[in-house]
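Working notes for the structure below.
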C-alpha cells in the first residue's frame, strides 16, 4: 500500500488538476449540464471540474506498469468520455459505436475472455468458440461501462460503488483462499479514496470520461479474477456488478416500453427518484442530500456484496441474492415512480 507521502502528494496533484481546469475554464460540470440540465433538479456547483478521469488515468500508470496495451485502450475509452463531456460527441449512438470498437479490439488483443458462466451447454458449445466469447465478453464490458455512467449522478455513488468492490476483493483475499492481485487492487483503492475525498464534498466529478474509464478497469480486474478462481461462482461477479449493469438494462427496457429512444437521457433512474423523494419530503438538508443518497445506496450494495462473499462458490445462493436485488429494485422503483 502506498504510504502517507504518496497520499499527500496525490491529493496535491488532484488539487492542481482542479485548479488548472477551473483557471482555464476546461472540463467543468457546467459544460455537461447544458445537455442534461433540463432532466435534473440536482443541486450542483457549475464550477466543479470533471477531473476524475484524468486523475485516474494518470494514476493508472502505477496500477498497470508495463501493460501498454491496456493503457492505450483505456486512453481511448477516456477520450470518448472526455469528448462526450465537452459536447463534441453528442450522439449516444456514436459514443456507443466507438466504445464497441475499442472494447472488441481490446478483448481480442488482450486475450481477455469470459471463460464460463456455469451453464454446461453455453460453456462447452459457445464460450469455447473464440468469436462467440469475444462478442459475449464485449457485451458484458459495454453494459458495465455505460451502466457506470448511468449511476454517476450523485456524489460518491459511482466511485464509492467501485471502491466497495475493491475493498471487498481485499477482504475475501485475506479471509478466504481466493486469488486477488492484492497490490493492484490496493493501489486502485488508494487512488480512488483520494478522489472520493473530493467527490464527497462535491469538489470533483468523474464525468463520462471517469465513469467509463473506471468501469473499464474494473471489467479487466474482475474478468481476470473470475478466470483465476474457477471454483468461485461466476455469478458472484454478476452480483457485485448487478447495480450498474441492471440500471443500464432496465433503463433501456423502460424507455422502449414507453416508446422513447433508449439513447435519450432522462432523470428517471432509481438514484434520481430516491433523491427527489427525499427532496420532496424535506427529510434532509439539500446541502447534504446529494452525498447522503449516494452513501445510502452504496451501503446497501456493500452489504449485499459482503453477504454474497460468504457464499461466493454457491451459485444457487448467489442467484437468489441477485433475484432479490432485482425484485427489491423494481418494487422501490415502482413505488417512487408513482409518487414522482
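Where a number appears in this text, it was derived from the coordinates with a stated rule and is not lab data. Keep in mind that what you see is a predicted model, and the values were worked out from it rather than measured. Ideal geometry is used to build each Cβ from the backbone, glycine not excepted, and the neighbour counts take in all protein chains shown.
List of remarks:
- Short-range pairs are left out: with C-alpha atoms under 8 Å and at least six residues apart, the relative contact order of the range 4-339 is 23 percent.
- Extension gain from residue 104 to residue 47, taking 0.36 nm per residue of separation minus the Cα-Cα distance: 16.9 nm
- Where a label projected 7 Å from the Cα of residue 177 along Cα→Cβ would reach, residues of the range 284-316 with amide N under 19 Å: 309-315
- Nitroxide proxy distance, nm - points 7 Å out along Cα→Cβ at residue 320 and residue 125: 3.0 nm
- For 183, 315, order by how many other beta-carbon atoms lie within 10 Å, fewest first: 183, 315
- Note on the chain: GNM, Cα springs under 10 Å; of 199, 149, 325, the largest mean-square fluctuation is that of 325.
- Each Cα pair under 8 Å and six or more residues apart adds its separation to the average, and for the range 144-211 the resulting relative contact order is 44 percent.
- Each listed q (0.09, 0.12 Å⁻¹) maps to a log10 I(q)/I(0) for the range 4-339 from the Debye sum over equal C-alpha point scatterers, namely -0.46, -0.85.
- Taking other C-beta atoms within 10 angstrom as a stand-in for reagent exposure, 47, 254 fall in the order 47, 254, fewest first.
- Share of Cα-Cα pairs in the range 171-260 lying beyond 20 Å, as whole percent: 51 percent
- The average projected area of the range 214-340, computed from the convex hull of its Cα atoms over all directions, is 9.1 nm².
- Per-residue ellipticity at 222 nm computed for the chain from its helices equals -24500 deg cm²/dmol, with DSSP H segments shorter than 4 residues left out and the rest contributing -39,500 (n - 2.57).
- Projected label points at residue 284 and residue 69, each 7 Å from Cα along the beta carbon direction, are separated by 4.4 nanometres.
- Note on the chain: GNM, Cα springs under 10 Å; of 330, 206, 222, the largest mean-square fluctuation is that of 330.
- Each of 263, 329, 275, 57 has some number of other Cβ atoms within 10 Å of its Cβ, and from fewest to most they run 263, 329, 57, 275.
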